[in-house]
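FYI, it's all coordinate maths here, none of it is from the lab. Computed from a predicted model, the values in this text were never measured in an experiment. When we count neighbours, we look across all protein chains shown, and the Cβ atoms used for this are built from the backbone with ideal geometry, even at glycine.
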Amino acid sequence: MKIYIAGHKGMVGSAIARQLKADPENIIIQRTHAELDLTNQCAVDDFLEKEKPEQIYLSAAKVGGIQANNKYPADFIYQNLMIEANIIHAAYVNNVNKLLFLGSSCIYPRKVSQPMNENALLTGKLESTNEPYAIAKIAGIKLCESYNRQYQTDFRSIMPTNLYGPGDNYHLENSHVIPALIRRFHEAKEKSLPEVKIWGSGEPLREFLYVDDLASACVHLMNLEYEDYLLNTEPMLNHINVGSGKELTIRQLAEKIAIVTQYKGSIDFDKSKPDGTYRKLMDSTRINNLGWQPRIGLEEGLVLAYNDFLKSN
């Protein structure tokens, strides 16, 4: 199988690569940003015309936390729209057998019923703090759906919950909550700081999934027969949720990370800062019914993630 992983250096793409390379018969195609600018339509067209992969995992994206989304909204919507539109269209033109687009749980409305079911898409207003990114990801889902309808392609979409693990971005301002907290608590321990301050009240609930569990879900979903992929859903409902099914508050998460990093000081929550969506729990019933379950629990995953941070820093 000749497979192209778009975004292979990112946390998700590298996890998918690890999963696929376990099969020596797979031929993995990878290009860095310096080698291939995915926002350049001509470059993407030329690349896929030359390589002719049988499958594409579209994990390339501009990602970040609340601060980054607030500071760079134009970058988030433009870059993500261009990447997904270029790859999906070129995949159709070059007769790629299967494509899997990776979205995000932020596609669902801010006040959606919990747990979030796939049918909730476009039923209400989005969370304002990451709306440009969410709109770009919704567009990716609809691109896949539209090409399937018009051209009978097999382009699928998977919507992961909050991810963490090896290869994460540990930047204090531009990362997601787990890597940001790992770095903050580690540095506070190293500097013997008496207190760590965290944005928000600490009360919002979040679900987390170890990135290698997502990779296994992606490969599982990609290799299903199309009839099984559409199990228990409308033919035009193209996206599938994937999560751990377990949630905890940001306060509880911070306390767990403090234990993992061996930080002994106090934790202060700055309630003047935004919390974002109060609760985000995925309904993963559909992918569970298709034969996939997560393997790595949060406590084990946080230890693995901290070890990765220490190794990479």
*asked:* Taking θ = phi - 60°, what integer Hz values does the Karplus form 6.51 cos²θ - 1.76 cosθ + 1.60 yield along segment 150-161, in sequence order, with x for Gly and Pro?
replied: 7, 10, 6, 6, 10, 10, 10, 9, 10, 10, x, 6
*Residues with beta-carbon under 11 Å from that of MET1, excluding MET1: net charge, scoring Lys, Arg +1 and Asp, Glu -1?*
-1
*asked:* Give me, ordered by chain and number, the residues 5 or more places off ILE240 or on other chains with an amide H under 5 Å from its own placed amide H.
replied: SER157, ILE158, MET159
*Cα centre as origin, Lys/Arg/Asp/Glu Cβ charges: segment 2-312 dipole, Debye*: 740
_Whole-Hz ³J(HN,Hα) for each residue in segment 4-13, computed from phi via Karplus 6.51 cos²θ - 1.76 cosθ + 1.60 with θ = phi - 60°, x for glycine and proline: what do you get?_
9, 9, 7, x, 5, 8, x, 4, 6, x
*Sum of side-chain charges, LYS71 neighbourhood, beta-carbon under 15 Å (Lys, Arg +1; Asp, Glu -1)*: -1
*In whole Hz, with x marking every Gly and Pro, tabulate ³J(HN,Hα) for segment 281-298 from phi via Karplus 6.51 cos²θ - 1.76 cosθ + 1.60, θ = phi - 60°.*
10, 7, 8, 9, 4, 5, 6, 5, 5, 8, x, 10, 9, x, 10, 9, x, 5
_Check which residues have an amide H placed less than 5 Å from ILE29's amide H, if you skip close sequence neighbours._
ILE3, TYR4, ILE5
*Go ahead and set up a Gaussian network model of the chain, Cα springs under 10 Å, then flag whichever of THR123, THR249, THR39 fluctuates most.*
THR123
*Of the options ASN97, ASN238, ILE257, report the single residue whose Cα projects farthest towards the positive end of the charge dipole of the chain (beta-carbon charges: Lys, Arg +1; Asp, Glu -1).*
ILE257
*Where does the chain land at 222 nm, in deg cm²/dmol rounded to the nearest 500, when only DSSP H runs of n ≥ 4 count, each adding -39500 (n - 2.57), divided by all residues?*
-13000 deg cm²/dmol
*Counting only DSSP beta bridges with both residues in the chain, what percent are antiparallel, rounded to the nearest 5?*
10
*Crossing angle, helix 177-190 versus the chain [Cα axis fit, 0-90 degrees, rounded to tens]*: 40
*asked:* I'd like the orientation of helix 41-51 relative to the chain: the angle between its Cα long axis and the longest Cα principal axis, in ° from 0 to 90, rounded to 10.
replied: 70
*Scan around LEU205 for amide H atoms under 5 Å from its own, H built in the peptide plane at 1.01 Å from N, and keep only partners 5 or more places away or cross-chain.*
ARG279, LYS280
